[in-house]
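Structure first, commentary second.
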Amino acid sequence: MRNPIITLLTDFGLRDPYVASMKGVILSINPQCILVDITHQVSPYDIKEGAFILAQAYSTFPKGTIHLSVVDPGVGSPRKPILFVTKNYFFIGPDNGLFAFALKREKLKKVIALGKMAFFLPEVSPTFHGRDLFAPVAAHLSFGIAPESFGRVIKSWNEISFPEPVLRQEKLIGEVVHIDTFGNLVCNIDYKSLLQFSKGRPFVIKIGKRTMRGLKQGYWKGRKNEPMALIGSGGFLEISVRERNAQKLFDVKKGDKITVSL
């Protein structure tokens, strides 16, 4: 790729110099890189949230994109720095399950434990592998260097599980797995699972004391201050309120149950 793309996803926020430092390292090594921010607002230390957001965004990028992601509460510990090579993409970051949801959708070719210090910065801080280790590896990889050059091939790595909806007493029970900037409540029930459960029959959706009938076509169909259910852009069931923050209005948090009944 003439101008290689590197995406960045972290829980660093934008107040501190951390994100800019990573970008500076990458561009110092390969000024031709195109850097794209997926987000730096992952809830601090929330690996599962980072994994969910990455899985929603990564496949919209061209083949060959390098996805650099750092949500790393175990930085400096014995956890491995890792490079996943799939048929279409590269994923670089800590071996803590951050890439688990994206990898479920990809054909995995090889996994490299990053260990060649020649591709790190000369001094690696035990508290900032994003800048000193992952960023330089991503930059060097963008030149087309063979993945095996960065370390040894491994056969095992850490994974995390995504909560699956449960069928119980003729009810489909899911939970809130993500709350976006607008306060929309994203559930772990995808559209396919919902169709298989309902089989074309009418259904109601309940969260807390709120009940909704069926699905709306879009946000514009909702009424002021009334909850509505729809299928969001990521393909998951979503609870929203038109031009309002559903999370604040209904005092809902991640992990709260959502029930679909016929």
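All of Leu121, Leu114 fail the test of being within 19 Å of Phe143 (Cα to Cα) and in contact (Cβ under 8 Å) with a residue 60 or more places away in the chain, apart from Leu121.
Entry remark, the stretch 214-252: residues being in a loop (DSSP other than H, G, I, E, B) and surrounded by 11 or more Cβ atoms within 10 Å (Cβ to Cβ) number 13 in total.
Does Leu172 count as hydrophobic (A, V, I, L, M, F, W, C) and at pLDDT below 95?
On the way: hydrophobic (A, V, I, L, M, F, W, C): yes; at pLDDT below 95: no.
Answer is no for this residue.
Every test in (1) surrounded by fewer than 19 Cβ atoms within 10 Å (Cβ to Cβ); (2) assigned to a strand (DSSP E or B); (3) in contact (Cβ under 8 Å) with a residue 40 or more places away in the chain is passed by Thr211 save one, and that test is (3). Restricting the search to helices (runs of 4 or more DSSP H) fully inside the stretch 85-203 and requiring at least 1 residues that are closer than 15 Å to His67 by Cβ and in the same structural domain as Ile231 (by TED's automatic domain parsing) gives an empty result.
Results for (1) under 25 Å from Tyr18 (Cβ atoms); (2) touching a helix residue (DSSP H, G or I) at 6+ places or on another chain (Cβ under 7 Å), shown as yes or no for each residue.
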| position | (1), (2) |
| --- | --- |
| Tyr58 | yes, yes |
| Gly64 | no, no |
| Leu68 | yes, yes |
| Val71 | yes, yes |
| Gly74 | yes, no |
| Arg79 | yes, no |
| Ile82 | yes, no |
| Phe101 | yes, yes |
| Lys107 | no, no |
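Out of Glu175, Glu123, Glu148, Glu159, I need the residue that is on the phi < 0 side of the Ramachandran plot and touching a helix residue (DSSP H, G or I) at 6+ places or on another chain (Cβ under 6 Å). Which one? Show your work before the answer.
Details: Glu175 fails: touching a helix residue (DSSP H, G or I) at 6+ places or on another chain (Cβ under 6 Å); Glu123 fails: touching a helix residue (DSSP H, G or I) at 6+ places or on another chain (Cβ under 6 Å); Glu148 fails: touching a helix residue (DSSP H, G or I) at 6+ places or on another chain (Cβ under 6 Å).
Of the residues listed, the single one that is on the phi < 0 side of the Ramachandran plot and touching a helix residue (DSSP H, G or I) at 6+ places or on another chain (Cβ under 6 Å) is Glu159.
The values are calculated or read from the model by the stated rules, or taken from the named source; none is laboratory data. Remember, it's a predicted structure, so these values are computed and weren't measured experimentally. Please note: Cβ atoms are built from the backbone with ideal geometry, for glycine as well, and neighbour counts cover all protein chains shown.
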